[in-house]
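Engineer: Next up is a structure, given as structure tokens.
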Amino acid sequence: MSLKFYQYPKCSTCVKASKFLKTKKVNVESIDITVTPPTAAELKSMLKFYDNDLRKLFNTSGLAYKEMNMKDKINTITEAEAIKLLSKNGKLVKRPFLIGNQIGLVGFNEEAWKTVK
């Protein structure tokens, strides 16, 4: 699997991550997360990189998260329900979202992203 870079073009953090990847000459398939959210399989795969902590996959500062009252639901939602929700609504997914062989990163932390090749 090649590197998939799910991002939102209007997100300043995503733009920063994209520039970082270009500077490092990392080839990625860039995907607008609001048009095409990560698949259920990709979300499950990403969970493994974050010790199965569902919260790490949610864009907790996003409007969709607040409108859906996810703060109250996050503790009772099952993994299957969360994966289904995230795979249908890219605005709920923490971005940028980078997934590939042996790598899974959400949010942009330059130190963590230095490992991307």
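Rule-based calculations on the coordinates, nothing more; no lab input. Treat the numbers as computed from the prediction; the structure is a model and nothing was measured.
Engineer: Working from Cα positions, state the angle (0 to 90°, nearest 10) between the long axis of helix 12-23 and the longest principal axis of the chain.
Structural biologist: The two axes meet at around 30 degrees.
Engineer: Which entry is the computed Kirkwood radius over Cα pairs in Å for this structure: [x] 15.8; [y] 14.2; [z] 16.6?
Structural biologist: Answer label, from the structure shown: [y].
Engineer: Full-extension gain between N75 and D53, please, as 0.36 nm times their residue separation minus the C-alpha to C-alpha distance.
Structural biologist: Length difference between fully extended and current span is 6.8 nm.
Engineer: I would also like to ask the following. Using helices alone, what [θ] at 222 nm do you get for the chain, with -39,500 (n - 2.57) per DSSP H run of 4 or more residues, divided over all residues and rounded to the nearest 500?
Structural biologist: -10000 deg cm²/dmol
Engineer: Angle, helix 40-49 long axis vs. longest principal axis of the chain, Cα atoms, 0 to 90°, nearest 10?
Structural biologist: 80 degrees
Engineer: Counting DSSP beta bridges with both partners in the range 4-113, what percentage is antiparallel, nearest 5?
Structural biologist: Bridges in the range 4-113 are about 65 percent antiparallel.
Engineer: Please report how far the C-alpha centroid of the range 1-45 lies from that of the range 71-90, rounded to the nearest whole angstrom.
Structural biologist: What the calculation gives is 21 Å, centre to centre.
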